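Accompanying notes for the structure given below.
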Amino acid sequence: MSSAARAVDETLLTARPEWQALQRHLQQIEIRHLRELFAADPQRGQRFSVEGAGFYFDYSKNRITDETLRLLLALAQACGLSERINAMFRGEPINTTERRAALHVALRAPRTERILVNAIDVVPGVHTVLDRMASVANRVRNGEWIGQSGKRIRNVVNIGIGGSDLGPVMVYEALRHYSDRAIAMRFVSNIDGTDFVEAVRDLSADETLFIVCSKTFTTQETLTNARAARAWCIDALGDQGAIAKHFVAVSTNAEEVARFGIDTDNMFGFWDWVGGRYSIGSAVGLSTMLAIGEENFRALLAGFRAMDEHFLHAPPARNLPWLHGLIAVWNNNFLGASTVAVLPYEQYLKRFPAYLQQLAMESNGKRVTVDGVAVAYETAPIVWGEPGTNGQHSFYQLLHQGTRLVACDFIGFCRALNPLGDQHDLLIANFFAQSEALAFGSAADEPHRNFDGNRPSNTILGESLTPHSLGALVALYEHSVFVQGAIWNIEPFDQWGVELGKALAQRVAAEIAGGSELAHDSSTDALIRRYRALRQKS
Ligand code: G6Q
């Protein structure tokens, strides 16, 4: 534990009677098998499932009983979960280390709603930006936005990283079915020059619009790539004036946007109360709106909103994010499942696990409580995954027969977006068969062929993948992450580990460039010297 952590939290969460009751209850659960739990209650599948915001959530294949749920809900109450949820929706400064609200829910509030931050209603501003985004998206999509040489825009390149990239990429891939194929969308994030070079290799600058997407507009990777894009554009079009027609910015920092050379008329703002990984519904979604159009983007927001409303109003025992988050705590802290595999049986969701990694691990990968006291329990599990059925031919071996317990989230939809013979039926047959096999196993005399089962999973089933259902799905995970953070009493909305990373490379970069004396450890010094000697000088 860090020496900066004030003390170890042995008195708060783990000392709560509700936590200790769960600890005692664990002894009864550990000795029971899912086979037995299902056999004892023929209605278990129906009783341990719930519908909300268009999704059917079946949590019956977790190692829980009614008593487990009762105890988890009691823990949530003791931890003040309802109060925390209300505080978030009211715009209170719940991000304590940065002293600000975490109000992504305001991004999907209807025009009629009022949400006050420091006594100012933020909803009108949200809609002003959305309307401006729609105006630009419509002009680009219908060919009215003309580039420097009089041609319409056929390529859009989003330059951003982290929260300014992972959400937009995931949503673009997820909603590709709804996107305008006349516009090629590319995403550049890595400081590795290959990312930019490969993204623009086959593009004509006179048909390309760059979105420089950075909340702070100071992020090294994004600004470096944006400068490369500006040079590439000016080089191709021969005129500094091209920037006005080929660059727009998404940021909270108008001063830096202007300094970069982008007219602030072409800037789309958002607010410090929108965290990067929670920013899909803000102007960070401009690339999404360009791809899928205004109407679909508004449907995406309506889907977020449907889950927000469900989270706020559904009774806890029938509430998807509550149940999903509390079961995640149970699997992690009591059953010892330190990783969660996210397994979408939907090819369009191929970037969903990567997106969730940031959402869950950057939010809850913390080792001190909101009060700065070291925790005495596990926080965020490691999130990973791949779409089914590909994963089945790879790491599912470990899920079924490995020594580690992995909690799984299976996600799928009843209707195919690209029906092809009976392939969707086969896809879904695999989906259901896998969670069944994980839960129940199958006995064989030969040890290598034996499957113990009793491995927990959730099933999240929607009708079809649409902008609306994607919004609801993302909001389900946003709120589940919030529930988990509230139980662990940690701050889910800061990311000091990321800030550290932003600063660390600066010193080494200066040393590589300047050739100055080195005073790191012997390993780092040797690596820098070797690199200096062998690199190609550009
Ligand atoms: C997200 C994080 C982080 C951030 C990136 C990009 O929640 O804060 O991933 O989004 O570091 O930051 P900028 O948008 O400021 O460039």
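Bear in mind these aren't lab numbers, they're just calculated from the coordinates by the rules spelled out. Being a predicted model, the structure only gives us computed values, none of them experimental. Note that we place each Cβ from the backbone using ideal geometry, even for glycine, and neighbour counts take in every protein chain shown.
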Just the Cα atoms of the chain: what Rg and Dmax do they give in Å?
24.6, 76
Against the longest principal axis of the chain, how steep is helix 123-141, in degrees 0 to 90 to the nearest 10, with axes from Cα atoms?
60 degrees
Any chance you could get the radius of gyration and Dmax over the Cα atoms of the stretch 228-329, in Å?
19.4, 63
Mean Cβ count within 10 Å, highest first, over the residues of peptides 29-41, 387-399, 309-321:
309-321, 387-399, 29-41
Sorted by mean Cβ packing within 10 Å, highest first, what order do the peptides 210-220, 502-512, 14-24, 66-76 take?
210-220, 66-76, 14-24, 502-512
Taking every pair of distinct Cα atoms and averaging 1/r, then inverting, what Kirkwood hydrodynamic radius in Å comes out for the stretch 19-159?
20.5 Å
Sequence neighbours fewer than 8 away in the same chain don't count; with that in mind, list the lysines whose C-alpha is under 28 Å from K245.
K151, K215
Given points 7 Å out from each Cα along the Cα-Cβ axis, report the T218 to D521 separation in nanometres with one decimal.
2.9 nm
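How big, on average over all directions, is the shadow cast by the Cα convex hull of the stretch 77-201, in nm²?
Details: hull surface 47.2 nm².
Averaged projected area of the stretch 77-201's Cα convex hull equals 11.8 nm².
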Do you know the relative contact order of the chain, to the nearest whole percent, from alpha carbon pairs under 8 angstrom that are 6+ apart?
20 percent
Fraction in percent of alpha-carbon pairs per bin - 10 Å, the stretch 91-131:
31, 52, 16, 0
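Given 25 °C and 0.890 mPa s, compute D for the stretch 51-122 with the Stokes-Einstein relation, Rh being the Kirkwood radius over Cα pairs; round to the nearest whole µm²/s. Intermediate values should be presented prior to the final figure.
Details: Rh = 15.0 Å.
So the translational diffusion coefficient is about 163 µm²/s.
Give the Kirkwood hydrodynamic radius (Å, one decimal) of the stretch 269-423, defined as one over the mean of 1/r across all pairs of different Cα atoms. Don't skip to the answer; put the middle values down first.
Numbers: mean 1/r = 0.0550 Å⁻¹.
Evaluated on the stretch 269-423, it is 18.2 Å.
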Give or take rounding to whole Å, what are the principal axis extents of the alpha carbon atoms in the stretch 106-172, in descending order?
47, 28, 18
In units of 2.2 N^0.38 Å, what is the alpha-carbon radius of gyration of the stretch 359-413?
1.51
Report, ordered by chain and residue number, the aspartates and glutamates lying within cross-link reach of K61, taken as a straight Cα distance under 15 Å and ignoring same-chain residues fewer than 8 apart.
E30, E36, D41, D409, E436, D452
Where Rh denotes the Kirkwood radius from the mean inverse Cα pair distance, what is Rg over Rh for the stretch 383-485?
1.01
